[in-house]
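Have a look at the structure below, then the notes.
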Amino acid sequence: MAKDRAPIRQPTVVGPRRSMLIKTIITVLLALVIMTGITILVIWLSIKPKRPVYFIKGGSINNYSLTKDHHLNASYNLVLMSFNPSKKMHILYKKTEIKILFENVVIARGAIDPWHQHKREKREVKLDLVSRDLVLSKAVAGHLEQAKSLDQVVLDVELKGRLKSKLGAWKSRYYHMKVSCDHVVAHFSNSSKESHGSCDTSL
(Lines give C-alpha, C1' and ligand atoms only; values in the text may rest on other atoms or scores of the structure.)
Protein backbone atom coordinates (compact mmCIF):
# COMPACT_ATOMS: atom_id res chain seq x y z
CA MET A 1 0.00 0.00 0.00
CA ALA A 2 1.52 3.36 -1.03
CA LYS A 3 2.52 5.63 1.77
CA ASP A 4 0.47 8.74 2.25
CA ARG A 5 2.32 11.79 1.03
CA ALA A 6 2.82 14.65 3.48
CA PRO A 7 0.84 17.74 2.62
CA ILE A 8 2.84 20.32 0.71
CA ARG A 9 3.10 23.62 2.59
CA GLN A 10 2.29 26.63 0.52
CA PRO A 11 4.60 29.66 0.94
CA THR A 12 3.17 32.36 3.14
CA VAL A 13 2.19 35.34 1.10
CA VAL A 14 2.25 38.66 2.89
CA GLY A 15 -0.72 40.64 1.79
CA PRO A 16 -0.37 44.25 0.72
CA ARG A 17 -2.13 45.48 3.89
CA ARG A 18 0.21 43.58 6.22
CA SER A 19 3.26 44.73 4.26
CA MET A 20 2.10 48.33 4.50
CA LEU A 21 1.55 47.95 8.28
CA ILE A 22 5.10 46.65 8.76
CA LYS A 23 6.54 49.53 6.74
CA THR A 24 4.48 52.02 8.76
CA ILE A 25 5.71 50.56 12.07
CA ILE A 26 9.34 50.68 10.91
CA THR A 27 8.93 54.27 9.73
CA VAL A 28 7.37 55.32 13.05
CA LEU A 29 10.15 53.61 15.03
CA LEU A 30 12.85 55.30 12.95
CA ALA A 31 11.15 58.66 13.39
CA LEU A 32 10.99 58.13 17.17
CA VAL A 33 14.68 57.20 17.28
CA ILE A 34 15.64 60.29 15.27
CA MET A 35 13.44 62.59 17.37
CA THR A 36 14.84 61.13 20.58
CA GLY A 37 18.39 61.65 19.31
CA ILE A 38 17.67 65.26 18.36
CA THR A 39 16.04 65.90 21.76
CA ILE A 40 19.03 64.44 23.60
CA LEU A 41 21.41 66.53 21.48
CA VAL A 42 19.47 69.74 22.17
CA ILE A 43 19.40 69.02 25.91
CA TRP A 44 23.11 68.18 25.87
CA LEU A 45 24.02 71.40 24.08
CA SER A 46 21.90 73.44 26.49
CA ILE A 47 23.36 71.93 29.68
CA LYS A 48 26.97 71.45 28.66
CA PRO A 49 29.01 74.08 30.52
CA LYS A 50 30.24 76.97 28.44
CA ARG A 51 33.94 77.59 28.65
CA PRO A 52 34.70 80.21 31.31
CA VAL A 53 36.72 83.19 30.12
CA TYR A 54 40.03 84.03 31.80
CA PHE A 55 42.64 86.76 31.47
CA ILE A 56 45.43 88.24 33.56
CA LYS A 57 44.45 91.73 34.67
CA GLY A 58 47.48 92.82 36.64
CA GLY A 59 50.05 92.06 39.26
CA SER A 60 53.74 92.24 40.02
CA ILE A 61 56.90 90.30 40.87
CA ASN A 62 58.23 91.12 44.33
CA ASN A 63 61.17 90.18 46.56
CA TYR A 64 63.18 89.13 43.53
CA SER A 65 66.59 87.64 44.24
CA LEU A 66 68.85 85.53 42.01
CA THR A 67 72.15 84.37 43.49
CA LYS A 68 75.40 83.80 41.63
CA ASP A 69 74.86 80.06 41.78
CA HIS A 70 71.44 80.50 40.11
CA HIS A 71 69.12 80.11 43.10
CA LEU A 72 65.89 82.06 42.57
CA ASN A 73 63.68 83.60 45.24
CA ALA A 74 60.66 85.69 44.28
CA SER A 75 56.96 86.20 44.92
CA TYR A 76 54.40 86.54 42.13
CA ASN A 77 51.23 88.49 42.80
CA LEU A 78 48.96 88.20 39.78
CA VAL A 79 45.29 89.09 39.37
CA LEU A 80 43.32 86.52 37.38
CA MET A 81 39.89 87.51 36.06
CA SER A 82 37.28 84.79 35.54
CA PHE A 83 33.94 85.21 33.75
CA ASN A 84 31.10 82.69 33.50
CA PRO A 85 29.37 83.46 30.17
CA SER A 86 26.35 81.20 30.79
CA LYS A 87 22.98 82.86 31.39
CA LYS A 88 21.53 79.74 33.03
CA MET A 89 24.26 77.61 34.55
CA HIS A 90 26.33 78.10 37.68
CA ILE A 91 29.85 76.64 37.75
CA LEU A 92 31.23 74.58 40.61
CA TYR A 93 35.03 74.38 40.64
CA LYS A 94 37.07 71.77 42.43
CA LYS A 95 40.61 72.53 43.58
CA THR A 96 42.57 74.10 40.70
CA GLU A 97 46.31 73.66 40.32
CA ILE A 98 48.39 76.65 39.15
CA LYS A 99 51.84 76.79 37.58
CA ILE A 100 53.98 79.75 36.54
CA LEU A 101 56.60 79.01 33.90
CA PHE A 102 59.54 80.91 32.48
CA GLU A 103 60.97 79.49 29.25
CA ASN A 104 59.05 76.22 29.88
CA VAL A 105 60.60 75.88 33.35
CA VAL A 106 58.16 75.75 36.28
CA ILE A 107 59.25 78.46 38.71
CA ALA A 108 56.22 78.52 41.06
CA ARG A 109 53.23 76.36 41.97
CA GLY A 110 50.03 76.96 43.86
CA ALA A 111 46.33 76.15 44.04
CA ILE A 112 42.90 77.77 44.15
CA ASP A 113 40.50 76.25 46.68
CA PRO A 114 37.09 74.96 45.47
CA TRP A 115 34.63 77.75 44.71
CA HIS A 116 31.26 78.54 43.17
CA GLN A 117 30.75 80.96 40.29
CA HIS A 118 27.26 82.28 39.60
CA LYS A 119 25.81 82.75 36.12
CA ARG A 120 27.26 85.76 34.28
CA GLU A 121 29.52 86.44 37.27
CA LYS A 122 32.90 88.11 36.94
CA ARG A 123 35.32 87.03 39.64
CA GLU A 124 38.72 88.43 40.54
CA VAL A 125 41.12 85.75 41.78
CA LYS A 126 44.39 86.82 43.38
CA LEU A 127 47.29 84.45 42.76
CA ASP A 128 50.10 84.64 45.30
CA LEU A 129 52.85 82.18 44.43
CA VAL A 130 56.52 82.02 45.37
CA SER A 131 59.87 80.66 44.23
CA ARG A 132 61.94 79.49 47.19
CA ASP A 133 65.59 78.71 46.62
CA LEU A 134 64.76 77.33 43.18
CA VAL A 135 67.82 76.17 41.23
CA LEU A 136 67.86 77.30 37.60
CA SER A 137 70.15 76.37 34.77
CA LYS A 138 72.84 78.87 33.86
CA ALA A 139 71.10 79.73 30.58
CA VAL A 140 67.65 80.25 32.15
CA ALA A 141 69.15 82.30 35.00
CA GLY A 142 70.98 84.49 32.49
CA HIS A 143 67.81 85.12 30.48
CA LEU A 144 65.91 85.97 33.66
CA GLU A 145 68.56 88.51 34.65
CA GLN A 146 68.32 90.08 31.20
CA ALA A 147 64.55 90.35 31.67
CA LYS A 148 65.06 91.96 35.07
CA SER A 149 67.31 94.59 33.52
CA LEU A 150 64.45 95.45 31.14
CA ASP A 151 62.04 95.59 34.09
CA GLN A 152 59.68 93.04 32.55
CA VAL A 153 59.56 89.31 31.94
CA VAL A 154 57.37 87.09 29.78
CA LEU A 155 55.76 84.27 31.76
CA ASP A 156 53.26 81.51 31.08
CA VAL A 157 50.50 80.71 33.58
CA GLU A 158 48.71 77.34 33.53
CA LEU A 159 45.65 76.24 35.47
CA LYS A 160 44.32 72.68 35.62
CA GLY A 161 41.25 71.51 37.48
CA ARG A 162 37.74 70.14 37.22
CA LEU A 163 34.38 71.86 37.05
CA LYS A 164 30.72 71.04 36.63
CA SER A 165 27.56 72.97 35.78
CA LYS A 166 24.62 73.47 38.13
CA LEU A 167 21.05 74.32 37.16
CA GLY A 168 18.73 74.28 40.15
CA ALA A 169 19.14 70.92 41.86
CA TRP A 170 20.60 69.31 38.72
CA LYS A 171 24.37 69.00 38.33
CA SER A 172 26.41 67.80 35.38
CA ARG A 173 29.34 65.43 35.59
CA TYR A 174 32.78 66.91 36.20
CA TYR A 175 34.77 68.16 33.20
CA HIS A 176 38.53 68.57 33.06
CA MET A 177 39.55 72.19 32.50
CA LYS A 178 42.86 73.56 31.31
CA VAL A 179 43.61 77.28 31.12
CA SER A 180 46.73 78.47 29.32
CA CYS A 181 47.80 82.09 29.69
CA ASP A 182 50.75 82.38 27.34
CA HIS A 183 53.13 85.30 27.02
CA VAL A 184 51.99 87.12 30.14
CA VAL A 185 54.05 90.31 30.41
CA ALA A 186 54.88 90.70 34.10
CA HIS A 187 56.65 93.69 35.64
CA PHE A 188 58.85 93.91 38.71
CA SER A 189 57.82 95.63 41.94
CA ASN A 190 59.50 98.95 41.16
CA SER A 191 57.50 99.36 37.96
CA SER A 192 54.32 101.41 37.64
CA LYS A 193 53.11 99.20 34.77
CA GLU A 194 50.62 96.36 35.26
CA SER A 195 51.00 92.76 34.19
CA HIS A 196 48.61 91.61 31.50
CA GLY A 197 47.86 88.63 29.28
CA SER A 198 45.06 86.70 27.58
CA CYS A 199 44.17 83.06 28.27
CA ASP A 200 42.77 80.11 26.35
CA THR A 201 40.37 77.70 28.08
CA SER A 202 39.69 74.11 27.01
CA LEU A 203 37.27 71.56 28.49
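Among the candidates 131, 149, 172, 137, the residue that is surrounded by 18 or more Cβ atoms within 10 Å (Cβ to Cβ) and among the polar types (S, T, N, Q) is uniquely 131.
Scanning segment 143-174 for residues that are under 16 Å from residue 84 (Cβ atoms) and assigned to a strand (DSSP E or B) yields a total of 9. Regarding residue 34, is this residue out of contact with any Pro (no Cβ under 7 Å at 6 or more places or on another chain), over 30 Å from residue 110 (Cβ atoms) and at pLDDT 90 or above? The answer is yes for residue 34.
Look at (1) in contact with a helix residue (DSSP H, G or I) (Cβ under 6 Å, 6 or more places away or on another chain); (2) surrounded by fewer than 14 Cβ atoms within 10 Å (Cβ to Cβ) and you find that residue 97 fails only one, number (1). Step by step: first the residues of segment 175-202, then only those that are outside any strand (DSSP E or B) and exposed (fewer than 14 other Cβ atoms within 10 Å of the Cβ), then the one that is modelled with the highest pLDDT. Which residue is that? So the residue we want is 189. Per the conditions (1) within 22 Å of residue 186 (Cβ to Cβ); (2) under 20 Å from the mean Cα position of the chain (by Cα), the sole criterion not satisfied by residue 85 is (1).
Scanning segment 48-91 for residues that are touching a Phe, Trp or Tyr at 6+ places or on another chain (Cβ under 8 Å) and not in a strand (DSSP E or B) yields 49, 52. The one condition from (1) among the basic types (Lys, Arg); (2) out of contact with any Phe, Trp or Tyr (no Cβ under 9 Å at 6 or more places or on another chain); (3) in contact (Cβ under 8 Å) with a residue 24 or more places away in the chain that residue 164 does not meet is (2).
The values are calculated or read from the model by the stated rules, or taken from the named source; none is laboratory data. Given the structure is predicted, the values throughout are model-derived calculations rather than measurements. Here the Cβ is made from the backbone with ideal geometry for all residues, glycine too, and neighbour counts use every protein chain on show.
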